[in-house]
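First comes the structure, then the notes that go with it.
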Amino acid sequence: MQTVNEIESALSKHPFLSGLDPEYISRIASWSKKMEFAEDEYLCRSRHSADRLYLTMSGCVALGLDHPSKGLQVVQTLDAPAVVGISWLSPPYESCYDGKAMTPVEAIAIDAAKLRQSLEEDCGFAYEMFRRLNTIFAERLQASALQLMDLYH
């Protein structure tokens, strides 16, 4: 089991949180835990509760939708370090995608309810996080658009 200090150190090295005030890193670390996922295990499932934000430290995650007869239809593949599970930010707080480990994955899981509460209480923290999340949203939107182009071309 990792201590909060070990998690704090890992978070401070993740590109998503690069340059974030150490006070904010400490806050996030207090709501976080290390998790490991085996190959083919799901980090998140579409239409299920989005209660964690994952910062992957190693491994590869495929984002897509599970089709009943075709299996996972991949929209984007994310090699660590990456951000997985951004649906926690908007109601109804349900995952939009399935996130499946393509290789063994190590990640830091951040409690989404505590993160949302802190964003509401601290405007400076909210600005810093939204600035970072905006980049992720844009990347996911672009990946989805490119996937649609492939489908219809």
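Read-outs: derived from the displayed coordinates by stated rules, not from any lab. Predicted model only: the values in this text are computed from it and were never measured. Every residue, glycine as well, gets a Cβ built from its backbone with ideal geometry; the counts of neighbours run over all protein chains shown.
To the nearest 20 debye, what charge dipole does the chain have about its Cα centre, counting +1 at the Cβ of each Lys and Arg and -1 at the Cβ of each Asp and Glu?
220
Given the C-alpha centroids of segment 1-17 and segment 33-104, what is the distance between them in whole angstrom?
Centre-to-centre distance over Cα atoms comes out at 20 Å.
Along the charge dipole of the chain, Cβ charges K/R +1 and D/E -1, which of 44, 142, 19 sits furthest on the positive end?
142
For segment 79-90, just list the computed ³J(HN,Hα) in residue order, Karplus coefficients 6.51, -1.76 and 1.60, θ = phi - 60°, integers in Hz, with x standing in for Gly and Pro.
Ordered by residue, 3J(HN,Hα) equals 8, 5, x, 8, 10, 10, x, 8, 6, 5, 7, 10 Hz.
Hey, what did the chain get for relative contact order, percent, Cα under 8 Å, at least 6 apart?
28
Between residue 121 and residue 45, how high is the FRET efficiency from 1/(1 + (r/R0)^6) when r is the Cβ-Cβ distance and R₀ = 30 Å? Nearest 0.05.
E(calc), rounded to 0.05, equals 0.50.
Through the Karplus equation 6.51 cos²θ - 1.76 cosθ + 1.60, θ set to phi - 60°, convert the phi angles of segment 21-36 into ³J(HN,Hα) values in whole Hz; use x for Gly and Pro.
Running phi through 6.51 cos²θ - 1.76 cosθ + 1.60 with θ = phi - 60° gives 3, x, 5, 5, 4, 4, 4, 4, 4, 5, 9, 10, 8, 7, 9, 10 Hz.
Could you derive backbone 3J(HN,Hα) for segment 110-119 from the dihedral phi with the Karplus parameters 6.51, -1.76 and 1.60 (θ = phi - 60°), listing whole Hz in sequence and x where the residue is Gly or Pro?
Coupling constants for segment 110-119: 9, 5, 5, 5, 5, 5, 4, 4, 5, 4 Hz.
Go ahead and estimate [θ] at 222 nm for the chain from helices alone: -39,500 (n - 2.57) per DSSP H run with n ≥ 4, summed, over the residue count, rounded to 500.
-12500 deg cm²/dmol
Given N residues in segment 2-153, what is its alpha carbon radius of gyration divided by 2.2 N^0.38 Å?
With N residues counted in segment 2-153, Rg over 2.2 N^0.38 Å equals 1.04.
Taking a cut-off of 27 Å between Cα atoms, list the lysines near residue 70, but don't count ones fewer than 8 places away on the same chain.
By straight Cα distance, residue 70 reaches 100.
Please give the length that would be gained between residue 143 and residue 67 if that part of the chain were fully extended, namely 0.36 nm times their separation in residues minus their C-alpha to C-alpha distance (nm, one decimal).
25.5 nm
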